[in-house]
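Everything on this sheet refers to the single structure shown next.
The values are calculated or read from the model by the stated rules, or taken from the named source; none is laboratory data. From a predicted model like this one, the values you see are computed outputs, not experimental measurements. In this analysis, Cβ positions are derived from the backbone assuming ideal geometry, glycine residues included, and neighbour counts consider all displayed protein chains. Heavy atoms of the whole protein, side chains included, go into the accessibility calculation; ligands, DNA and RNA do not. Shrake-Rupley method; radii C 1.70, N 1.55, O 1.52, S 1.80 Å.
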Amino acid sequence: MMKIKPLFILAFLTLSLSMAAQKLFSLEDLNFGGTNYRNLQPENKWYTWWGDELIRTDVEECYLVNKKTGKEELLFTLDQVNKWADSDEEANRYVRHLMNATFPYPDQPLVALGNKKSFLLLDFKKHKIVWQDSISGQTANDWNKVSKATAYVEDHQLYVVDGEGKKHQLSTDGSREIVYGQSVHRNEFGITKGTFWSPDGQRLAFYRMDQSMVQDYPQVDIFPREATYEPDKYPMAGMTSHKVTVGVYDLRTEKTIYLQAGDPTDRYFTNIAWSPDGNAIYMFELNRDQNDCRLVSYNAKTGEKIAELYRETSDKYVEPLHPILFLPWDSNKFIMQSQKDGYNHLYLFDTNGKELKQLTSGSWVVQKVLGFNSKQKSILITSNEATPIQHNTYAVNIATRQRTLLDNGQGSHQAQLSGSGQYLIDRYTEPDVPRNINVVNVATTKALRLLTAKDPWEGYQQPIFENGTIKAADGTTDLYYRLVKPHDFDASKKYPTIIYVYGGPHAHNVEAAWHWYSRTWETYMAQKGYIVFILDNRGSENRGLTFEQATFRQLGQIEMQDQMKGVEFLKSLSYVDANRLGVHGWSFGGFMTISLMVNYPDVFKVGVAGGPVIDWKWYEVMYGERYMDTPQTNPEGYEKTSLINKAGKLKGKLQIITGYNDNTVVPQHCLSFLDACIKAGTQPDFFAYPGEEHNMRGHASVHLHERITQYFEDYLK
């Protein structure tokens, strides 16, 4: 028998390991709609709070977690829940998983669960249902844990079922044109829902939106044998908008009153909050120009105006995004967020409208309020105080304003506060950390590690991710970028380079998270031999008013200047092929892509624009007028930013992609640009996804990104 030499074995093993390390990504691995996407995401665990007790939820089990040791104790299983609830799978009264289990009462062993037929509270110690309703699955369900009443919308009408099961009908004239209990103002101003329970669950504030005066945009469903007309109410900039009023229903009197806020024409009502005793409602009221914002209180019983507590004006715009928050230990004081000093910060007020103190200050922004710690009398926040691209958690003492860092001071953190605010779950990533999860004692700042996720991309060819700053076009402002290079990068070579761009408000692309917050499509392109560059220009978020409002009344112009500074930077790199520059973006990024292609036609060889805004006069009232004013008051700005009259300047290869039923950036945009190109004799390419809205869902996203990729492969490489 022939003997195999050890050196041969070693060489074979080395070759095998090398081959294993050469595993390539596919879009099925990288895209969220892909078949293998979940397997290549960092390991995760899901937690919720039962008061100050930590619970880990999983598909089939819930565990009680010891906050000092991390040791887990099984609370109950999915099979036990369905046995105790006497579930019937055939009747859809079967709990499918425990991932969404919540524990609403800190002093009671009750878990809140849902199935397709009902929402229920189950006592997991006595093994029985203690309460349930039968309205699961309706639109806009909003349950109050104190009264156990549920508000919901059915067939356009708003209903409440109280804790005893009695059904109350709040509206009779609901329709496609008269909308009750749902989000209004097209989800702007921080609005995400349309019903708001008082703390005791006895009164319900709700939106009523009359959009009968708003013109329809003619969407079409092509899938029936004969295509059907499915119009959207879409108020465009400078045109007639809807009218919103706020009603209050009292379960005890079974009567509805409306807040006496005056004529709702060309006004926005947002960020509704209740007083702790449930007798007053507070909301921000904004004029249509969005430059005059007022905090007003109302009597919840009569609807009468009580007082105007605060007013903020601007020569550009004021954008209220957060309801006021009352101190849990003092019902006469509340915290308000404002950017009035140039950055989003916290202010303490009393209920007479007197500003008592500014709680946070500095050239950084409060990004999120997590809640309160009543024992320490502090408010917990997420901010980017460390650097503009980090997210860290702090406790702010209300009396002293002293801030205490509650995490490691690195990376991007998301915290989840316990019932009393004495503990938090700290989920975070860093550029080289896929995901860690800690439980933190707020008083001591001591952390216990619950999860250290391994790199799920181990064994694959991974790109090189880099981060840095360049100066904006103003010569002084730092802009953060990400640079993604092929895994076998060779500085002596010339690489085709793609700029991925968004650039608009309320978004950012560069963060001190895993891979510097890189989109997985960038990895796919780096694997194919491209360099990808991403820059957060002025106008993007989390940098303060001067940074964000630099684009006012001229969207795309300052942004392009900054992106071209990025181009200058790329051209300074010996390995970037300046003759093979591409650009790609979606939505505002689609607008930026075409803007760059037609304003700098000799710079960009290839572009792919998804869901692009073409002319802001076709965009919605709230967003469009905030940043551009109206076409009537800013005709020069609309003319300068419109891409219609620039269609003839297109030189490079441009592919435009849209969802055929896009109700955010309606198809009129790209179709009008195509018409302008036909008249000008330029030749863009066009692709539409039937039935899809603004973003491709499910596996269609894989198809979309393969199409984007192939366009660059065909024309840039």
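Numerical summary
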item	result
Antiparallel DSSP beta bridges within the chain, as percent of all bridges there, nearest 5	85
The range 446-455 - phi-based ³J(HN,Hα) in whole Hz, Karplus 6.51/-1.76/1.60, Gly and Pro as x	6, 10, 10, 6, 9, 8, 10, 6, 6, 6
Nearest-20 debye value, the chain charge dipole, Cβ charges on Lys, Arg, Asp, Glu	1500
Cα-based Rg of the range 604-699 normalised by 2.2 N^0.38 Å, two decimals	1.12
D_trans [Stokes-Einstein, Kirkwood Rh over alpha-carbon pairs] for the chain, 10 °C, 1.306 mPa s, µm² s⁻¹	56
For the range 314-361 versus the range 167-237, the gap between their alpha-carbon centres in whole angstrom	30
Eligible lysines near Lys68 by straight Cα distance, threshold 30 Å, same-chain separation 8 or greater	Lys45, Lys125, Lys126, Lys145, Lys368, Lys375, Lys377, Lys446, Lys454
Two-site FRET efficiency, Gln22 against Leu74, from Cβ-Cβ distance with R₀ of 41 Å, rounded to 0.05	0.45
Accessible surface, the range 557-667, averaged per residue in Å² (probe 1.4 Å)	29
Spin-label model distance (nm) - Lys145 vs Gln358, 7 Å beyond Cα toward Cβ	3.6
MRE, 222 nm, helices only [DSSP H, n ≥ 4, -39500 (n - 2.57), over the chain, to nearest 500]	-4500 deg cm²/dmol
Average accessible area per residue (Å²) across the range 291-376 - probe 1.4 Å, nucleic acids and ligands excluded	45
All lysines inside 21 Å of Lys717 as judged from Cα atoms, apart from same-chain residues fewer than 8 positions distant	Lys485, Lys493, Lys494, Lys528, Lys571, Lys605, Lys651, Lys653
log10 of Debye I(q)/I(0), alpha-carbon scatterers only, for the range 648-717 at 0.11 Å⁻¹	-0.30
Scaled radius of gyration (Cα, divided by 2.2 N^0.38 Å) that the range 391-480 gives	1.42
5 angstrom amide H check on Arg435, placed H, neighbours 5+ away	Ala453
Where Rh is the Kirkwood radius over Cα pairs, Rg/Rh for the range 288-379	0.98
Unsatisfied cross-links (Cα-Cα over 24 Å) in the set Lys116/Lys167; Lys565/Lys617; Lys617/Lys646; Lys233/Lys649	Lys565/Lys617; Lys233/Lys649
Accessible surface of the chain, 1.4 Å probe, proportion on carbon and sulfur as whole %	48
Computed over the range 425-476, Cα set: Rg, Dmax in Å	17.1, 45
Dipole of the chain [Lys/Arg +1, Asp/Glu -1 at C-beta], most positive-end residue of Gln563, Gln461, Phe76	Gln461
Solvent-accessible heavy-atom area per residue, rounded to whole Å², over the range 445-537 at 1.4 Å	37
